[in-house]
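The values are calculated or read from the model by the stated rules, or taken from the named source; none is laboratory data. This structure is a prediction, so every number in the text was calculated from the model and none was measured. Cβ atoms come from the backbone with ideal geometry, glycine included; neighbour counts cover every protein chain shown. Side chains included, ligands, DNA and RNA excluded: accessible areas come from the protein's heavy atoms. Shrake-Rupley method; radii C 1.70, N 1.55, O 1.52, S 1.80 Å.
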Amino acid sequence: MKLNALMDNLGARKDVKRVGRGMGSGYGKTSGRGNKGQKARSGSRKQATFQGGQMPILRRFPKFGFNNPFAKHYVTINLGDIEKFIASGKIDAKKNITLDSLFEAKIINRKLDGLKVLAKGELKTSITVIADKWSKTAEAAIVKAGGKIQSK
């Protein structure tokens, strides 16, 4: 094999369509744009949502809902998940479980506005959780296991 003999496979590269290169090319005179009209002009195109003068569908339908820019978004974790991560060694049960400790252990991938503890699953280990919010059943389960929960 020689470097000067290297070639692409047949059909791997396609020639560029050269418009406006004479009548014999098939793309001369109007360059494939037809005669007159908005589409034949340079730099002028209709929007994708244009509907010929009638009110566009996106403007006809009413808009619903509201996005509160001040809403707080909490990272939620279940007691069953905490127990699972303690068993696997990702969380040390002797240390406080906080938003930062969960982030450092790569259990959560972003901190958001706070931590909320929920009661799904079973907790057997005594732990101390420092969170922003928690459910009453989660608090009861943590206390029953011999742990405690504190607000941030």
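Structure values in brief
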quantity: Length gained when the stretch T128-K72 is fully extended (0.36 nm per residue, less Cα-Cα span); calculated: 17.8 nm
quantity: Largest to smallest accessible area among D8, D15 [probe 1.4 Å]; calculated: D15, D8
quantity: Gaussian network model of the chain, springs between alpha carbon atoms under 10 Å - residue of N68, N35, N78 with greatest fluctuation; calculated: N35
quantity: Length-normalised contact order of the chain in % [C-alpha pairs under 8 Å, at least 6 apart]; calculated: 16 percent
quantity: Unit Cα scatterers, Debye sum, region 1-101: log10 I(q)/I(0) for q = 0.14, 0.23, 0.24 Å⁻¹; calculated: -0.85, -1.18, -1.22
quantity: Per residue convex hull volume, Cα atoms of region 37-152, in Å³; calculated: 195 Å³
quantity: Chymotrypsin sites (Phe, Trp or Tyr not before Pro) within region 6-92, DSSP loop, no more than 11 other Cβ atoms inside 10 Å; calculated: F50, F64, F66, F70
quantity: DSSP-loop GluC sites (Glu not before Pro) across region 83-128, with at most 13 other Cβ within 10 angstrom; calculated: E122
quantity: Farthest positive-ward along the chain dipole, Cα basis, beta-carbon charges - from N109, I77, S31; calculated: S31
quantity: Helix-only CD estimate at 222 nm, as mean residue ellipticity for the chain, using -39500 (n - 2.57) per DSSP H run (n ≥ 4); calculated: -5000 deg cm²/dmol
quantity: Lysines with Cα under 18 Å of K133, excluding same-chain neighbours fewer than 8 positions away; calculated: K72, K111, K116, K120, K148, K152
quantity: Region 110-152 - percent of accessible surface contributed by carbon and sulfur, probe 1.4 Å; calculated: 49 percent
quantity: Contact order relative to length of region 82-152, as percent, for alpha carbon pairs under 8 angstrom and 6 or more apart; calculated: 29 percent
quantity: Accessible surface of I107 - all protein chains present, 1.4 Å probe, nearest 10 Å²; calculated: 40 Å²
quantity: Alpha-carbon gyration tensor eigenvalues x 5, square-rooted, for region 100-152, Å; calculated: 19, 12, 10
